[in-house]
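> Let me give you the structure first, and then I'll get to my questions.
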């Protein structure tokens, strides 16, 4: 039973790390990246629809992202949704595609984005520690020997440390990406 609890905790911790890394993708760097639009939803015929389901994305140059809606009649709604998402981008369309020019980031803005990334990382660490706490409580409720409980708690702590390190590594990579000029 303890092994099942540890496996469940590992799965949940993996999900927390994955979610945190996906959140990092939404933080804008100086380069064009379709990941920044991952949370944008468009009012498409009365239904909030993720932008990824309504358009193709391409990056013709480092600071330009092209959004090409499948349905040309939805171009105005897509443009409104991008503008409303408050990403710091000004969409412009020519009737067929929407161009998003990524302005160069100032040093001050880079520092602000690093703070945002660190906040997202801390949220991920909190989620991992919450999984650890919940699993630890369940292990202590098990009807097994003290040695088995101690061994399981040690294993759980190693699992926690490994997942926190994954988040820390992802933060370092994202910070390097943000500081890259």
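What follows draws every value from the coordinates through simple rules; no lab data is involved. What you see is a predicted model; the values in this text were computed from it and never measured. Quick reminder, even Gly has a Cβ in these numbers, built from the backbone with ideal geometry, and neighbours come from all protein chains shown.
> Assess whether residue 60 counts as being over 20 Å from residue 135 (Cα atoms), free of Cβ contacts under 8 Å to residues at least 24 places away in the same chain and more than 18 Å from the chain's Cα centre (by Cα).
Details: over 20 Å from residue 135 (Cα atoms): yes; free of Cβ contacts under 8 Å to residues at least 24 places away in the same chain: yes; more than 18 Å from the chain's Cα centre (by Cα): yes.
When the stated conditions are applied, residue 60 passes them.
> While we're looking at this one, here's another question. Can you tell me which condition residue 90 does not meet? The list is (1) touching a residue at least 12 places away in the same chain (Cβ under 8 Å); (2) on the phi < 0 side of the Ramachandran plot, and all the others hold.
Single failed check for residue 90: (1).
> What's the number of the only condition in (1) surrounded by fewer than 18 Cβ atoms within 10 Å (Cβ to Cβ); (2) part of a helix (DSSP H, G or I) that residue 13 fails to meet?
(1)
> Right, here's the next one. Could you tell me whether residue 78 is in a strand (DSSP E or B) and out of contact with any helix residue (DSSP H, G or I) (no Cβ under 6 Å at 6 or more places or on another chain)?
Values: in a strand (DSSP E or B): no; out of contact with any helix residue (DSSP H, G or I) (no Cβ under 6 Å at 6 or more places or on another chain): yes.
Judged against the criteria, residue 78 is not a match.
> Checking the conditions here, which among 136, 115, 174 is surrounded by 13 or more Cβ atoms within 10 Å (Cβ to Cβ) and within 30 Å of residue 32 (Cβ to Cβ)? Give the derivation first.
Values: 136 fails: within 30 Å of residue 32 (Cβ to Cβ); 115 fails: surrounded by 13 or more Cβ atoms within 10 Å (Cβ to Cβ).
Result: 174 is the single residue among 136, 115, 174 that is surrounded by 13 or more Cβ atoms within 10 Å (Cβ to Cβ) and within 30 Å of residue 32 (Cβ to Cβ).
> Kindly provide the set of residues from the stretch 16-29 that are closer than 23 Å to residue 55 by Cβ and buried (at least 18 other Cβ atoms within 10 Å of the Cβ), ordered by number. Lay out the reasoning, then the answer.
Looking only at the stretch 16-29, we keep the residues that are closer than 23 Å to residue 55 by Cβ, and these are 22-29.
Result: 23, 24, 28, 29.
> Residues of the stretch 16-32 being part of a loop (DSSP other than H, G, I, E, B) and touching a helix residue (DSSP H, G or I) at 6+ places or on another chain (Cβ under 7 Å), which ones?
The initial filter retains those residues of the stretch 16-32 that are part of a loop (DSSP other than H, G, I, E, B), namely 26-32.
26, 27, 28, 29, listed by residue number.
> Could I ask something else about it? Determine if the stretch 35-45 includes at least one residue that is in a loop (DSSP other than H, G, I, E, B), free of Cβ contacts under 8 Å to residues at least 12 places away in the same chain and surrounded by fewer than 17 Cβ atoms within 10 Å (Cβ to Cβ).
If we filter the stretch 35-45 for residues that are in a loop (DSSP other than H, G, I, E, B), which is where we start, we get 38-40, 45.
This time we only want the ones that are free of Cβ contacts under 8 Å to residues at least 12 places away in the same chain, so: 45.
Next, from what is left, pick out any that are surrounded by fewer than 17 Cβ atoms within 10 Å (Cβ to Cβ): 45.
Among the residues of the stretch 35-45, at least one is in a loop (DSSP other than H, G, I, E, B), free of Cβ contacts under 8 Å to residues at least 12 places away in the same chain and surrounded by fewer than 17 Cβ atoms within 10 Å (Cβ to Cβ), which makes the answer yes.
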